[in-house]
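What follows is a set of notes on a single structure, which appears directly below.
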Amino acid sequence: MVVILVVLHLCLGAAAYLILLERKVCAWVQDRCGPNRVGPMGLLQPLADGLKLFVKEEFMPRGVDRAMFIMAPALTAIVALIGFVVIPWAGILELGNGRTVSIIGADINIGVIYLVATGSLGVYGVGLGGWASNNKYSFLGGLRATAQMISYEIPMGLALLCVILAAGTLLPQQIVAQQLEGQWFLVQQPVAAAIFFICLLAEANRAPFDLAEAEQELVGGWHTEYSSMKWALFFMGEYVHLVVGAAFFTTLFLGGWSINPITGWDLPQAGGIWLILLQFSIVLGKCFLLIFFGMMIRWTLPRFRFDQLMKLAWEGMIPLSLGLLLMTSLFVYLGWTQWLWAGSLGAIVILLALQTILPSHSRANRRIGLVGSRFSPGEDESSSRLAGSG
C-alpha cells in the first residue's frame, strides 16, 4: 500500500511537471526561454495551469453523447493510473527477523500480461472521445488513433515476447533479477528494444506519431470539443502513460536498478532502506532520461503522414519483429542466449536481403515533379513534355 500511494502521487505530480519540462525542452530546441514568469524559474507554472483549468468554463457541444463524452477522459486517466502497480520500483526490503517485502504494488504471476492488457485499454478512451463529440474532425482523430494503436501493439507484443522467451518468466521482478546476474536485454536484444521504444511513442500518441491530433489537419483531433478538466484528463493520461511506459522499458531492457549493463558486479537485489532508496532513485533516473529522449524526438523529427505511419508498422516493424521472434525462439531452443545480439543483427541482414527479391509496389504518394520546385524535372524532360502537349 505504501508503494502504491507513493508511486501514484509521484505519477500525478510528474504528469504536471513533465508538461513544464516539455515546454522547456521545446523552448531550448527552438532557442526560446520557455515559461519563466510564474514562480522562480517558472516552477509554479503547472500549479497556475491546473488552477486555470479547474475554474475554466466547461463547454459541452449540442448533439454529443453525454454519457460517453464524460466517460472518455475518465477512462483514459484511469487506465493510465492502474498500470504501474506491477512495476518493480526497487528490490526487496529486509525488515529483520527474516521478514522481507518487495517494492512493488502487486507481485502477481502475470505481471507483464497485466501491464500490456491495461495499456491496450487506452484506445477505448480515445475512440469514445472521438465518437461522442459529434464532430467530424474528432471522429477522424479517434479512427486514426484506434488504427494506430492496434497496428503498433502487434510489434510491441512481439518485441515483448522476445524478452519473455529469453527470460523464461512473466514476473517483472525475475526479469530484472536475470539482468542483474547477466547482461541488460538492451545489450542482448538492441533491435527489439528499439522496436519497443518506437511502439511506446506510438501508443502514447507522441510525435512523430501524433497523427490523431494533427493540428494542421484535424484542429485538435479527438479532443477538439473538450475543455476544462476533461481536456486536462486526456493529457494527464498521456503523460502518465509516458512515465509507466518508461518504467516498463527500464524493467525489460535496462535492468531496473542495475548499474552494470554487462556481466559483473552489480547492486544486490535485497537490502536495507538506504539500498532501496538508491535503487528507487536509479529507476527514476532511467525513466527521466527515457522521457527526455522522447521529448527531444518530438521537437526534432517532423510528423509522419498517416500512410507512412501505417506502412512503417505493417511493412517494416511487424515483419522485423516476427523475424526477431523466430530468431529468439531458435537461439533459446539451442541454448545460445548469450549470442542473441548477433542473432538480432543477423535477422536484420536476412530481412533486408529478402526485401530485395520481393515484388515492389508503386508509390501511391510519390512526389510530382513541378517546374520551379525542388522536385522539378530536368529541362530536357520539361521541354519534351511541352513539345508533346503541343
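Okay, here's what the table says:
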read-out	value
Under the span-like rule (Cα at least 30 Å along the axis, Kyte-Doolittle mean at least 1.6), DSSP H helices of the chain	2-29, 273-298
Residue among LEU201, LEU51, LEU165 with the largest mean-square fluctuation in a Gaussian network model of the chain, springs linking Cα atoms under 10 Å	LEU51
Leading residue at positive end of dipole, the chain (Cβ point charges), from VAL79, ALA246, GLY129	GLY129
Residue (of GLY264, TRP314, LEU278) at the positive-pole extreme of region 219-315, dipole from beta-carbon charges	TRP314
Cβ charges +1 (Lys, Arg) and -1 (Asp, Glu), total dipole of region 58-356, debye	220 debye
Extension gain from SER120 to ILE4, taking 0.36 nm per residue of separation minus the Cα-Cα distance	39.6 nm
Structure-based [θ]222 nm, the chain - -39500 (n - 2.57) summed over DSSP H runs of at least 4, per residue, nearest 500	-20500 deg cm²/dmol
Rg over Rh [alpha-carbon atoms, Kirkwood Rh] for region 58-356	1.01
Charge dipole (debye, nearest 20) of region 55-115; +1 at Cβ of Lys and Arg, -1 at Cβ of Asp and Glu	120 debye
Stretch gain in nm, segment CYS33-LEU326, where the contour uses 0.36 nm per residue and the Cα spacing is subtracted	100.6 nm
Charge dipole (the chain, unit charges on Cβ, about Cα centre) - positive-most of PHE288, TYR114, ALA212	ALA212
Most fluctuating residue given options GLY119, GLY50, GLY294, as computed from a GNM of the chain linking Cα atoms under 10 Å	GLY50
Among ALA80, ALA166, ALA117, residue whose mean-square fluctuation peaks in a GNM of the chain (springs only between Cα atoms under 10 Å)	ALA117
Stretchable slack from GLU217 to ASN134, in nm (0.36 nm times residue separation minus alpha-carbon distance)	28.2 nm
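The numbers here are math on the coordinates, done by the rules we state, and not lab data. The shown structure was predicted, so the numbers you read here are calculated from the model rather than taken from an experiment. Cβ: placed from backbone, ideal geometry, glycine included. Neighbour counts: every protein chain shown.
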